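Please read the structure below before turning to the comments.
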Amino acid sequence: MPIRGKVALVTGATSGIGSATAVLLAERGAHVVVTGRDIARGAQVAARIRAAGGIADFLPAALATADDARVLATAAAEVAGPVDILVNNAAIAVFGATATIAEADFDACYTINVKIPFFLVGALAPGMAERGGGVIVNVSSMVASFGTFGSAVYASSKAALELLTKSWAAEYGPRGVRVNAVAPGPTRTEGTLAHYGPDRLAALAAQAPARRVADATEIAETIAFLAGEHAAFIQGAVIPVDGGRTAT
Ligand SMILES: NC(=O)c1ccc[n+]([C@@H]2O[C@H](COP(=O)([O-])OP(=O)(O)OC[C@H]3O[C@@H](n4cnc5c(N)ncnc54)[C@H](OP(=O)(O)O)[C@@H]3O)[C@@H](O)[C@H]2O)c1
């Protein structure tokens, strides 16, 4: 499926990897629906795409319930047409010792990282299948693959998303919908700079063979690859884009 002329819905596109993905998919000819909570940043991303000659709409959405996911799916189709590409990128990271995690933080993390992708796929994948094809790319994390102190909630939510990736490949793949995931390593974004700061982020990245922090566009490149026709035979895969961290 070529990206040109397709409609792509990118969650968390007001920031970091989601913003870079929205820009890249638009450069490759997709009509991109940018969504996120921050109205100023969302409008900026859409304006940047349009200024470069691309097509984009911004739909602000604070996603908390299955209904929020369904409303966003419907609104995206109303503004741009049937959604062909869904990038489940929006997430939050909750870190801390298991015994210190508040129930509300656990719920918030699992809601945006697992529940919202689940109901967005439920809202959009059947239509993709009926139209004969579509693509879903889930954004996981390298920490879904190994245990580290303090990341139990966040890492397990991403492990759930990775298993959902395989489940959906089995469920929708036979009807033309390719479902894959990328699992990034430390990447320079608004979110990680606010949480870690540049020095801790660099220290984290130094554990991998690449010995450096990724730029958001390096993750977006793999997401866009998975969304495009050159990835036509890739289904149910989780592609590490982590500078070699999980391989070593
Ligand atoms: N950066 C890394 O080092 C790294 C590493 C591994 C995996 N990842 C994964 O890559 C993805 C992007 O990470 P990032 O660092 O680019 O993230 P980020 O800068 O923290 O941005 C997160 C995005 O998610 C949106 N979002 C969060 N909660 C939301 C909610 N309840 N409703 C709607 N939107 C919500 C935010 O919207 P607003 O800003 O508008 O509020 C923002 O657009 C995430 O899935 C993350 O887990 C990142």
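Hey, does segment 32-41 have a residue that's of a type in the set (Lys, Arg), more than 9 Å from the ligand (Cβ to nearest atom) and surrounded by fewer than 23 Cβ atoms within 10 Å (Cβ to Cβ)? Can you show your working first?
Pass one, segment 32-41, residues of a type in the set (Lys, Arg): 37, 41.
From what is left, the residues that are more than 9 Å from the ligand (Cβ to nearest atom) are none.
Within segment 32-41, not a single residue is of a type in the set (Lys, Arg), more than 9 Å from the ligand (Cβ to nearest atom) and surrounded by fewer than 23 Cβ atoms within 10 Å (Cβ to Cβ).
Residue by residue, here is whether (1) outside any helix (DSSP H, G or I); (2) out of contact with any helix residue (DSSP H, G or I) (no Cβ under 7 Å at 6 or more places or on another chain); (3) modelled with pLDDT of 95 or more holds:
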residue	(1), (2), (3)
Ile17	no, no, yes
Asp67	no, yes, yes
Phe95	yes, no, yes
Ala99	no, yes, yes
Just to be sure, is Gly54 closer than 22 Å to Val179 by Cβ and surrounded by fewer than 22 Cβ atoms within 10 Å (Cβ to Cβ)?
no
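Condition first: in a helix (DSSP H, G or I) and hydroxyl-bearing (Ser, Thr, Tyr). Now tell me which residues in segment 192-211 satisfy that.
Narrowing segment 192-211 to residues in a helix (DSSP H, G or I): 192-195, 197-205.
Result: Thr192, single match.
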Note on segment 191-238: residues closer than 23 Å to Ala30 by Cβ and acidic (Asp, Glu) are Asp215, Glu218, Glu221, Glu229
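Table: residues versus (1) within 19 Å of the chain's Cα centre (by Cα); (2) buried (at least 17 other Cβ atoms within 10 Å of the Cβ).
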| position | (1), (2) |
| --- | --- |
| Ala73 | yes, yes |
| Asp84 | yes, yes |
| Ala104 | no, no |
| Ile112 | yes, yes |
| Ile136 | yes, yes |
| Ser140 | yes, yes |
| Phe146 | no, no |
| Leu163 | yes, no |
Selected residue (only one of Ala170, Ala205, Ala210, Ala160 is in contact with a helix residue (DSSP H, G or I) (Cβ under 6 Å, 6 or more places away or on another chain) and in contact (Cβ under 8 Å) with a residue 12 or more places away in the chain)
Ala160
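Which members of segment 114-134 meet the condition of being under 23 Å from Ser19 (Cα atoms) and either hydrophobic (A, V, I, L, M, F, W, C) or open to solvent by less than 20 Å² (accessible area, probe 1.4 Å) (or both)? Spell out how you get there, then give the answer.
Filtering segment 114-134 for residues under 23 Å from Ser19 (Cα atoms) gives 114-121, 123-125, 134.
Passing the criteria: Val114, Ile116, Pro117, Phe118, Phe119, Leu120, Val121, Ala123, Leu124, Ala125, Gly134.
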Does any residue of segment 197-216 turn out to be open to solvent by 40 Å² or more (accessible area, probe 1.4 Å), among the β-branched types (Val, Ile, Thr) and modelled with pLDDT of 95 or more?
no
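Go through segment 69-93 and give me each residue that's assigned to a loop (DSSP other than H, G, I, E, B), closer than 17 Å to Asn138 by Cβ and away from the ligand (no atom under 14 Å from the Cβ). Walk me through how you get there before you give the answer.
Pass one, segment 69-93, residues assigned to a loop (DSSP other than H, G, I, E, B): 81-84, 89-93.
If we keep only those that are closer than 17 Å to Asn138 by Cβ as well, we get 83-84, 89-93.
Across segment 69-93, the qualifying residues are Val83, Asp84.
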Going by what's in this entry, would Leu193 be described as open to solvent by 60 Å² or more (accessible area, probe 1.4 Å), near the ligand (Cβ under 10 Å from one of its atoms), out of contact with any His (no Cβ under 6 Å at 6 or more places or on another chain) and not aromatic (Phe, Trp, Tyr)?
yes
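The values are calculated or read from the model by the stated rules, or taken from the named source; none is laboratory data. Being a predicted model, the structure only gives us computed values, none of them experimental. Every residue, glycine among them, receives a Cβ derived from its backbone with ideal geometry; neighbour counts consider all protein chains shown. To get the accessible areas, we keep the full protein, side chains included, count just its heavy atoms, and leave off ligands, DNA and RNA. Shrake-Rupley method; radii C 1.70, N 1.55, O 1.52, S 1.80 Å.
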